[in-house]
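The values are calculated or read from the model by the stated rules, or taken from the named source; none is laboratory data. Just so it is clear, the structure is predicted and the values come from calculations on it, not from any experiment. For neighbour counting, all protein chains shown are included, and Cβ atoms are generated from backbone atoms with ideal geometry for every residue, glycine included. All accessible areas refer to the heavy atoms of the entire protein, side chains included, with ligands and DNA or RNA removed. Shrake-Rupley method; radii C 1.70, N 1.55, O 1.52, S 1.80 Å.
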Amino acid sequence: MISPTLDMKQIHARAVQTIEKGVQIDLSTAACKRYLRRHANSKTSVAVLYVDIDGSTRLTLSLPSDKLALVLQLFSQEMSMVVANFGGYVLKYVGDAVIAIFPAEHDSRQACLHALECGKMMLEVVHSAIAPALFSHGLPELRVKVSIDFGDVLVVLYGKSLENSHIDIIGSSISMAAKMLAVVPVDRIIMGQAVHDNLPQKVTKSFVQYDVDESMWSYVDQNKKRYRLYLTL
């Protein structure tokens with residue numbers, strides 16, 4: 001059962017404990033790797049979500065290394081727990097970003113809904129739980145951006161051992177989600193047209209089509225038309 005809510009007081013308490021005593025859980029991508037191995041060297045459908053810290057360069061310049069590492073660990077820890085709560089898998093941790101996937105081979109609409117609700121909860125966790133914990137310890141606030149796209153990805157096994165070889169995904173959806181981060185405003189969620197087209201109208205009415213200058217967004221869909229983006233109101 002996927003819960004639509006999380007206890008912000010509990011998350012805040014865990015964030016404080018993390019700042020004072022260190023990371024509270026092991027950050028692992030093992031569950032995702034197990035899922036991907038079941039689809040090795042074949043295509044599968046997923047919703048892809050990126051959550052990225054805005055202004056990480058500022059943090060790098062303003063914080064000593066141990067404090068910066070702690071902030072990144074706290075962020076990754078809490079974002080990972082939100083992903084798990086909505087039935088997703090953490091694909092990888094990339095510096096100041098967490099990349100997650102939501103399996104969609106059986107129900108693309110549900111996967112996109114889970115990814116969207118996950119993104120909304122991530123923003124709430126950062127604002128209501130992580131930010132107060134950081135502030136109370138004299139650490140700078142975090143502001144984040146979320147991007148989501150959907151589509152088929154190719155699961156590639158880099159080696160001959162199913163258990164030990166590196167495994168990853170490639171596809172336009174993961175590439176698009178990464179590129180969207182360059183144009184999404186802070187503390188907002190952006191999604192590609194493939195996600196938008198998989199969601200019910202009662203959900204998409206809370207989004208508006210996002211008109212980005214062509215110099216910043218010139219990517220096209222399979223029909224060679226400009227790939228549409230949608231932004232939370």
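Quick look at the numbers
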{"read-out": "Spatially near lysine pairs across the chain, Cα under 14 Å, sequence gap of 8 or more or different chains", "value": "4"}
{"read-out": "Karplus 3J(HN,Hα) series, Hz, for the range 86-102 with 6.51 cos²θ - 1.76 cosθ + 1.60 (x for Gly, Pro)", "value": "9, x, x, 10, 7, 6, 6, 10, 10, x, 9, 10, 10, 10, 10, 10, 10"}
{"read-out": "Kirkwood Rh in Å, taken over all unlike Cα pairs in the range 51-103", "value": "11.7 Å"}
{"read-out": "Segment Tyr219-Ser136, length gained on full extension (0.36 nm per residue, minus Cα span)", "value": "25.6 nm"}
{"read-out": "Heavy-atom accessible area ranking, 1.4 Å probe, most first, across Leu154, Leu59", "value": "Leu154, Leu59"}
{"read-out": "For the range 28-156, the Rg and Dmax computed from alpha carbons only, in angstrom", "value": "15.5, 48"}
{"read-out": "Amide H within-cut-off set for Tyr210, under 5 Å, with H built and near neighbours excluded", "value": "Leu229, Tyr230, Leu231"}
{"read-out": "Computed [θ] at 222 nm, helices only, for the chain once each DSSP H run of length n ≥ 4 contributes -39500 (n - 2.57)", "value": "-11500 deg cm²/dmol"}
{"read-out": "Surface per residue (accessible, 1.4 Å probe) for the chain, Å²", "value": "50 Å²"}
{"read-out": "q = 0.09, 0.17 Å⁻¹, the chain: log10 I(q)/I(0) [Debye, one scatterer per Cα]", "value": "-0.37, -1.27"}
{"read-out": "GluC sites (Glu not before Pro) lying in DSSP loop within the range 100-182, provided at most 11 other Cβ fall within 10 Å", "value": "Glu163"}
{"read-out": "Distance (nanometres) between label positions extended 7 Å along Cα→Cβ at Ala30 and Leu61", "value": "4.0 nm"}
{"read-out": "The range 142-233, Cα convex hull volume normalised per residue, Å³", "value": "145 Å³"}
{"read-out": "Debye intensity ratio in log₁₀ form over the Cα atoms of the range 1-58, taken at each q of 0.23 Å⁻¹", "value": "-1.14"}
{"read-out": "Residues whose placed amide H lies under 5 Å from that of Tyr219, excluding near-sequence neighbours", "value": "Tyr227"}
{"read-out": "Asn164 versus Asn41: modelled label distance in nm, points set 7 Å from Cα along the beta carbon direction", "value": "1.8 nm"}
